[in-house]
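Take a look at the structure set out below.
Rule-based calculations on the coordinates, nothing more; no lab input. This is a predicted model, so every value here is computed, not measured. Using ideal geometry, Cβ is built from the backbone for each residue, glycine included, and neighbour counts are taken over all protein chains shown.
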Amino acid sequence: MAEGKNINEEGNLVFKPENTNYQDDLNISEEGLKEEAHSNSASDKKRSFHKPKKDKKDEEIEKLNEELAEISDKHLRLLAEFDNYRRRTLKEKSELIKSGGESVLVSLLPVIDDFDRALDLMKDEDNNSPIKQGFLLIYNKFQDFLRQNNVKEVDAFNKEFDCEFHEAITKIPASSEELKGKNIDVIQKGYLLNEKVIRFAKVVVGE
């Protein structure tokens with residue numbers, strides 16, 4: 001009889017596998033599945049182990065972006081502050097150039113006042129008088145000097161009182177309704193330097 005062949009009780013020929021150790025095969029299969037499951041578990045653990053590193057890297061990138069945004073904001077603020085400082089400095093420099101000789105010009109104003117009083121006293125003198133002509137010559141030269149330095153007289157007489165240009169010495173009753181609130185008399189002339197008041201006009205206001 002050939003190996004691996006048997007006859008059952010009914011007299012039929014049946015084949016019997018040489019290796020009948022099915023349990024060993026099952027055991028081997030179970031061990032393989034366990035090893036595969038263990039391998040997959042280890043792989044999952046490995047992937048889960050590397051995941052926090054990726055999160056940490058994202059946190060560092062986010063932190064660096066925040067620092068960059070803060071530095072950019074500070075930089076823009078510094079640029080704005082420097083631009084404001086530059087404009088303010090240029091403005092102050094321009095004003096200084098315009099009014100650089102202000103103290104000298106202000107100190108000359110009393111001399112102009114003296115000329116005005118002298119000419120007022122000489123108003124009855126003959127215009128051909130050498131003394132009067134000499135005074136007028138010097139006075140006109142002073143006026144030209146003031147104009148060349150952008151100094152001009154404040155227009156005050158018979159004008160509405162304006163505290164930006166006028167200084168009220170006193171108030172007196174006005175002779176008419178039209179003169180109320182206006183400068184009836186000018187006690188001392190006022191002057192402007194480049195549209196800036198360097199001396200207020202002292203006036204008498206009607207009420």
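Around Lys123, with a cut-off of 14 angstrom between Cβ atoms, what is the net charge of the other residues, counting Lys and Arg +1 and Asp and Glu -1?
-3
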Amide H contacts under 5 Å for Ile187, restricted to residues at least 5 apart in sequence or on another chain and with H modeled in the peptide plane, are Lys202, Val203, Val204
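Give me Rg/Rg_expected for segment 101-206, where Rg uses Cα atoms only and Rg_expected = 2.2 N^0.38 Å with N residues.
The reported ratio for this selection is 1.20.
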Here are some pairs, Lys132/Lys171; Lys132/Lys152; Lys132/Lys180; Lys141/Lys171; which of them have Cα atoms lying more than 32 Å apart in this structure? Lys132/Lys171; Lys132/Lys180; Lys141/Lys171
Note to self: C-alpha centroids of segment 123-140 and segment 184-200 sit apart, in Å, by 25 Å
If you count, for each residue, the other Cβ atoms within 10 Å and average over each peptide, how do 135-144, 116-125 line up from highest to lowest? 135-144, 116-125
